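Quick notes on the structure that follows.
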Amino acid sequence: MRASHYFISTLKEAPSDAEVTSQKLMLRAGLIKKTAAGIYSWMPMGLKALRKVENIVREEMNRAGAIEVLMPAVQPAELWEESGRATHYGPELLRFKDRHDRDFVIGPTHEEVITDIARRDIRSYKQLPKHFYQVQTKFRDEIRPRFGVMRGREFLMKDGYSFHSSFDDLVREYHNMYATYTRIFTRIGLEFRAVAADTGSIGGTGSHEFHVIADTGEDDIAYCPDSDYAANVELAEALPISTVHGVASEALPISTVHGVASEALTKIHTPGVKTIAELAAFLNIPETQTVKAIVVESDGEVAQAVLMLLRGDHELNEIKAQNLEGIKSPLTFATPEAIAAAFGANPGSLGPVGFTGRVIMDRSVAAMSDFVIGANEDDYHYTGANTGRDFPGPEIADLRNVVAGDPSPDGKGTLALCRGIEVGHIFQLRTKYAEAMGARFLDENGREQAMEMGCYGIGVSRILGAAIEQNNDERGIIWPTAIAPFQLVICPVGWSKSDAVREAAQALYTELSEAGVDVILDDRNERPGVMFADWELIGVPHRVVIGDRGLKEGSAEYQGRRDASATAVPIAELAAFVH
Ligand code: ATP
Ligand code: MG
Ligand code: MG
Ligand code: MG
């Protein structure tokens with residue numbers, strides 16, 4: 001690209017209403033223009049960076065097996081009535097009527113539209129699993145749009161939705177997305193952290209957010225530097241904490257959830273059910289699902305074990321007895337084998353077991369599931385139990401008044417606090433939308449079942465602001481190379497005066513372009529100071545200055561955006577130097 005053909009419009013000062021660094025720099029560098037509150041136009045230079053983020057996201061989603069679609073921005077309000085969110089979503093949902101007086105919304109997210117597609121097109125377990133995603137413009141009428149593209153009203157999101165014939169398969173895809181998001185944010189070049197999260201208005205159970213660490217972040221993150229514990233502090237506020245403590249404080253045997261205050265639990269009559277296999281059959285849980293166990297220890301004694309997602313023919317009472325006799329210390333359960341032995345289960349059927357001083361559990365699943373748990377009456381069980389809400393779990397703790405140095409809930413060290421910008425969010429929706437909207441399929445046995453669903457969002461446009469919050473200095477933006485609008489700029493000194501400079505600059509431009517470097521040649525015939533200030537503000541990671549003096553020695557001046565000064569580099573070696 002030649003700068004004279006491009007559109008470069010930098011500003012000396014940021015508009016006075018710009019609050020944070022990334023917003024000021026994006027406006028000054030001419031990447032975006034404000035059209036209305038929370039509504040921006042993407043200028044060529046900004047759009048180029050945005051597309052780079054989008055392409056990384058798209059490549060990794062495709063690699064992970066998701067399939068791209070594009071859904072409409074405008075959605076019929078009936079779909080939102082059907083899911084029940086028309087009333088719950090609140091004023092962030094922009095509603096309007098068409099000329100026929102029909103109600104519509106502009107999509108803030110697309111669970112309803114995709115579930116409507118799935119219920120019409122997916123009939124059989126043979127068509128599952130499927131993961132559809134899109135990169136699409138969303139609208140949320142944010143009460144306080146601010147920080148430029150970081151909290152816009154109109155913004156670009158990657159949103160994916162997966163459909164499954166079993167919960168196990170949803171968990172598999174959830175882990176797949178966790179790994180995919182980790183790859184995406186690593187490739188982009190962000191310093192980020194995955195944290196346990198609340199599920200907000202989207203609903204469902206298991207959830208993680210991916211946060212870019214930055215002081216200007218709107219979320220408080222508590223994390224343990226010595227382990228992988230990390231949680232959004234707002235998570236605790238979303239939970240009825242009293243119920244979390246309600247269970248642990250009562251030393252109750254397995255099969256007992258007496259004292260659980262949660263109204264979300266559903267008590268079900270399970271007459272004559274004596275074994276796990278019978279319970280699984282009664283609840284219509286596919287037999288392929290695994291045995292999982294949670295053991296909660298209180299004051300050095302195991303207080304409660306909770307059984308869920310069951311398989312096998314173990315006597316429920318037998319497990320209860322084994323639990324009470326065999327389990328005295330949490331250390332007994334340091335391994336999957338130990339926990340499996342205590343429950344008479346096949347070790348292979350248990351996932352990785354983590355434990356802390358207080359809680360021992362199969363963390364990978366326990367934190368994400370709607371569990372089946374026993375009741376304190378014969379012939380009754382509860383469904384819909386939830387780690388953290390109905391019993392304690394290491395992923396969820398009361399963090400409301402947390403200060404740095406408090407013990408980490410996983411018992412592995414002390415907590416540190418930081419601010420984060422939420423750039424990604426993954427959820428296990430379970431059957432919430434499928435049940436509300438009738439998205440069912442026929443399983444192997446010809447029985448109708450609701451589809452298990454997951455959803456996965458990335459704030460594509462927000463990432464640009466977040467990346468700049470992490471990478472800037474007093475001169476401007478410092479782009480991570482993977483998402484820089486251009487990787488390298490060639491600044492010729494004396495473009496109109498020196499044939500040698502012009503020829504050398506053009507030759508280098510051609511050579512680098514052919515080598516696959518995304519390069520821009522500044523042929524605007526500006527003074528060096530003007531050129532340098534522009535490119536430093538725009539944040540191009542590599543700069544090469546070509547002038548008559550260096551050319552005599554066959555060299556050019558190279559300066560990386562973070563370098564304090566320039567280095568003379570032989571022109572022939574430049575291509576290798578910038579990679
Ligand atoms: P926040 O907590 O910041 O309001 P959210 O939890 O409401 O975000 P989600 O519903 O999880 O957002 O949407 C998925 C992703 O979309 C978020 O992780 C975030 O990166 C991005 N996003 C959400 N709201 C905005 C916004 N107003 N402007 C830009 N990006 C946004
Ligand atoms: Mg929000
Ligand atoms: Mg959020
Ligand atoms: Mg979120």
Output ordering of 478-487, 76-85 (per-residue mean of other Cβ within 10 Å, highest first) is 478-487, 76-85
Within 13 Å, Cβ to Cβ, of Ala566, how many net charges do the neighbouring residues add up to if Lys/Arg are +1 and Asp/Glu are -1?
+1
Computed from the beta carbon distance with a Förster radius of 35 Å, FRET efficiency for Arg562 and Arg95 to the nearest 0.05 stands at 0.15
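Provide Thr180, Thr35, Thr186 in ascending order of the number of other Cβ atoms located within 10 Å of each residue's Cβ, fewest first.
Lowest count first: Thr35, Thr186, Thr180.
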Quick one: length gained pulling Ala73 to Asn445 fully straight, 0.36 nm per residue minus the C-alpha distance?
130.1 nm
Magnitude of the Cβ-charge dipole of the stretch 86-158, K/R +1 and D/E -1, about the Cα centre, nearest 20 debye?
220
Going toward the positive end of the dipole of the stretch 440-491, with +1 on Lys and Arg Cβ and -1 on Asp and Glu Cβ, which of Gln487, Gly465, Ala450 do you reach last?
Gln487
For Asp219, what is the net charge nearby, where nearby means another residue's Cβ is under 10 Å from its Cβ and Lys, Arg count +1, Asp, Glu -1?
-4
Can you tell me which of 213-222, 553-562, 45-54, 64-73 comes out highest on packing, and rank the rest after it, using the mean Cβ neighbours within 10 Å?
45-54, 213-222, 553-562, 64-73
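Every number here is computed from the coordinates shown, using simple stated rules; none is lab data. Note that the structure is predicted; figures quoted are calculated from it, not measured. We place every Cβ from the backbone using ideal geometry, glycine too, and count neighbours over all the protein chains shown.
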